[in-house]
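This is the structure I have questions about; it appears just below.
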Amino acid sequence: MSLKGFQFSVVEAAIKKPGRKDLALIFSEIPATAAAVFTTNAVKAAPVLLSAERIAGGKAQALVVNSGNANACTGAQGMLDARKTSQLLAAGLGIAEELVQVSSTGVIGVPLPMDRLTAAIPALVGACGSADIDDLATAIMTTDTFPKVAQRSGSVGGVSYTVAGVAKGAGMIMPNMATMLSFVLTDAAIDPALIDSIFRRSVDRSFNAITIDGDTSTNDTCLLMSNGAAGTPVIAAGTAEAEQFAGLLDEVLLDLARLIVKDGEGATKFVEIRISGAESDADAKRAAMAVANSSLVKTAFFGQDANWGRIFAAVGYSGARVNPDLLALWFDDVCMANSGIFSGGDAEARGTEVLRKKEFSVRVDLGLGQGSATVYTSDLSHEYVSINADYRT
């Protein structure tokens, strides 16, 4: 990867248990223009509160992230621990503490083991530059079964640049923010007046268009850092270069979002839900999310049961405007119902064959307008229950 001006390190701090590298660092050699979005959950983890306060300045130079412990619901001590972590890292790197972002993921309600974490920070700083982005993606995993990395390249004024990102997440996935951590880096120079709006738009199209179980976590964080180390001209709003960068950012975030859904806890299916013909895009999104979050729909996907009625029911209670006599539904290219009426036994058999695939689409046309939306989801399996029943043990 040709990403310039960023260094990584990962070490073992035995935060939850020994045997894996669970503390990671992203360091930009120069302060980066930055933007971030965080969970909308009213119960926010200490690192989220601290990082949200700091990102308001529009700059970041380092991020420290641990897995195994969320540092959420830990009271005043949790905030003290987040601040101490950032203080130690800033001192070790020789940078202003306000430029340090802090992130955590793991079990909620358990204090950080600060003795082990603080003891590991000198090694983390000392190893800066020794790891790569794949190591970073592995270190932030919790119930994930594989690391999630995506990247694209572009150019401005003949100068090449890279957009690269990592993500973690497999359960407690629900938009605003999608329940996960994601850190996206570019060595292009982005106008500070542009970076926040372009990032939020991209998040809405990707991480806010996925759901696994409808639960929004306490620690959702998505951070973008732009350090300009590639030497590109500054990418400004309203230019072709800005549109190109936005497209590349969309692709990286959507790749990561899709990987999260494919790694959904216990998931055996990856399902694209497409709603068309709605009165508005907002109505389409309501309908799509109702289908994607329905436990009845998701268990039908797992059981390969072409139960299209459950999908119509979810659309009906979504809050979107619906005329049942106009509804049509397809599994891939198999029309299961038209004008609100079942297409018959042949469609049932063909629809069941579609649901036997690992990946398929469900499309519902509301027949009312031009509004549309696409979201991504997984099925709901026995394994999901087992993973989450045993998560803390």
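The values are calculated or read from the model by the stated rules, or taken from the named source; none is laboratory data. All figures in this text were calculated on a predicted structure; none of them were measured in a lab. So basically every Cβ, Gly included, is an ideal-geometry build from the backbone, and we count neighbours across all protein chains shown.
In the set S67, S86, S104, which member is in the same structural domain as C128 (by TED's automatic domain parsing) and farther than 15 Å from L50 by Cα?
On the way: S86 fails: farther than 15 Å from L50 by Cα; S104 fails: farther than 15 Å from L50 by Cα.
It is S67.
Turning to a different aspect of this structure: Kindly list the number of the only condition in (1) part of a helix (DSSP H, G or I); (2) in contact (Cβ under 8 Å) with a residue 12 or more places away in the chain; (3) of a type in the set (G, A, S) that fails for A349.
(2)
Could I ask something else about it? Say we look at region 363-390 and pick out the residues that are of a type in the set (A, V, I, L, M, F, W, C) and surrounded by fewer than 20 Cβ atoms within 10 Å (Cβ to Cβ); which of these is modelled with the highest pLDDT? Before the answer, list the steps.
Here is the first cut: in region 363-390, the ones of a type in the set (A, V, I, L, M, F, W, C) are 364, 366, 368, 373, 375, 380, 385, 387, 389.
From the residues that got through so far, the ones that are surrounded by fewer than 20 Cβ atoms within 10 Å (Cβ to Cβ) too are 368, 385, 387, 389.
Numbers: L368: 98, V385: 65, I387: 56, A389: 62.
Only one residue tops the list, namely L368.
Moving on to the next point. Picking from A246, A188, which residue would you name as being modelled with pLDDT of 95 or more and out of contact with any Phe, Trp or Tyr (no Cβ under 9 Å at 6 or more places or on another chain)?
Exactly one residue qualifies, and that residue is A246.
Report the residue count in region 95-111 for those that are at pLDDT below 95 and among the β-branched types (V, I, T).
4
Shifting gears a bit: So, of the residues in region 237-255 that are assigned to a loop (DSSP other than H, G, I, E, B) and not β-branched (V, I, T), which turns out to be surrounded by the fewest Cβ atoms within 10 Å (Cβ to Cβ)?
Looking at residues that are assigned to a loop (DSSP other than H, G, I, E, B) and not β-branched (V, I, T), I get G238.
Moving to a separate point now. Looking at A242, A267, which is the one that is in contact (Cβ under 8 Å) with a residue 40 or more places away in the chain and over 18 Å from the mean Cα position of the chain (by Cα)?
After ruling out the rest, the residue left standing is A242.
Looking only at region 121-153, count how many residues are of a type outside the set (S, T, Y) and either closer than 17 Å to C222 by Cα or crowded, with 20+ Cβ neighbours inside 10 Å (or both).
Number of matching residues: 16.
Out of all the residues in region 38-53, which are in contact (Cβ under 8 Å) with a residue 12 or more places away in the chain and over 23 Å from I95 (Cα atoms)?
F38, T39, T40, N41, V43, K44, A45
Which condition from (1) more than 17 Å from the chain's Cα centre (by Cα); (2) in the same structural domain as K168 (by TED's automatic domain parsing) is the one that S276 breaks?
(2)
Related question: Among the candidates N41, N66, N71, which residue alone is part of a loop (DSSP other than H, G, I, E, B), surrounded by 21 or more Cβ atoms within 10 Å (Cβ to Cβ) and polar (S, T, N, Q)?
N71
Sticking with this one: Looking at E12, E53 in this structure, which one is within 22 Å of L224 (Cβ to Cβ), surrounded by fewer than 21 Cβ atoms within 10 Å (Cβ to Cβ) and either at pLDDT 95 or above or not assigned by TED's automatic domain parsing to the domain that holds I140 (or both)?
The unique qualifying residue is E53.
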